[in-house]
Amino acid sequence: GMLEVVMGNWDNAERYMELALDVALRLESPPWIARTHHDYARMLLARGAAGDRERALALNAEALATARELGMRKVAADCERLLAEA
């Protein structure tokens, strides 16, 4: 998904982000869910379509809460940085 972001292929990027999130949710893996929420938020902010900012902030907030709860300092810092940049 992130490669598609770099290439500017927004439809593919969104599709891969949704797939990654679905897999993380089915695995019931909070660390992967947090990381995927954060990456998806970054993609949405980079794309900048209607409604993307609001959804990105919500996903990033979920990622940040999970990262803090699990002690994932790097992910939490990434989420905080994204929030500051948004």
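The values are calculated or read from the model by the stated rules, or taken from the named source; none is laboratory data. A quick note: this is a predicted structure, and the numbers were derived from the prediction, not measured. No Cβ is skipped: glycine too gets one built from the backbone with ideal geometry, and neighbour counts run over all protein chains shown. Remember, those area values only see protein heavy atoms, side chains included, never the ligands or the DNA or RNA. Shrake-Rupley method; radii C 1.70, N 1.55, O 1.52, S 1.80 Å.
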Considering residues of region 48-63 that are part of a helix (DSSP H, G or I) and touching a residue at least 24 places away in the same chain (Cβ under 8 Å) only, the residue farthest from M7 (Cα to Cα): E62
Considering residues that are among the aliphatic types (A, V, I, L, M) and either surrounded by 15 or more Cβ atoms within 10 Å (Cβ to Cβ) or touching a Lys or Arg at 6+ places or on another chain (Cβ under 9 Å) (or both), the number found within region 58-70 is 4
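Going through L25, L45, L3 one at a time, which residue ends up being of a type in the set (A, V, I, L, M, F, W, C), part of a helix (DSSP H, G or I) and closer than 15 Å to E85 by Cα? Quick ask: steps written out before the conclusion?
Numbers: L25 fails: closer than 15 Å to E85 by Cα; L3 fails: closer than 15 Å to E85 by Cα.
After applying the criteria, what remains is L45.
Give R42, R55, R73 a once-over and let me know the one that is open to solvent by 50 Å² or more (accessible area, probe 1.4 Å), charged (D, E, K, R) and out of contact with any helix residue (DSSP H, G or I) (no Cβ under 7 Å at 6 or more places or on another chain). Let's see the steps before the verdict.
Working: R42 fails: out of contact with any helix residue (DSSP H, G or I) (no Cβ under 7 Å at 6 or more places or on another chain); R55 fails: out of contact with any helix residue (DSSP H, G or I) (no Cβ under 7 Å at 6 or more places or on another chain).
From the options R42, R55, R73, the qualifying one is R73.
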Scanning region 65-86 for residues that are free of Cβ contacts under 8 Å to residues at least 24 places away in the same chain and of a type in the set (A, V, I, L, M, F, W, C), which turns out farthest from M2 (Cα to Cα)? A65
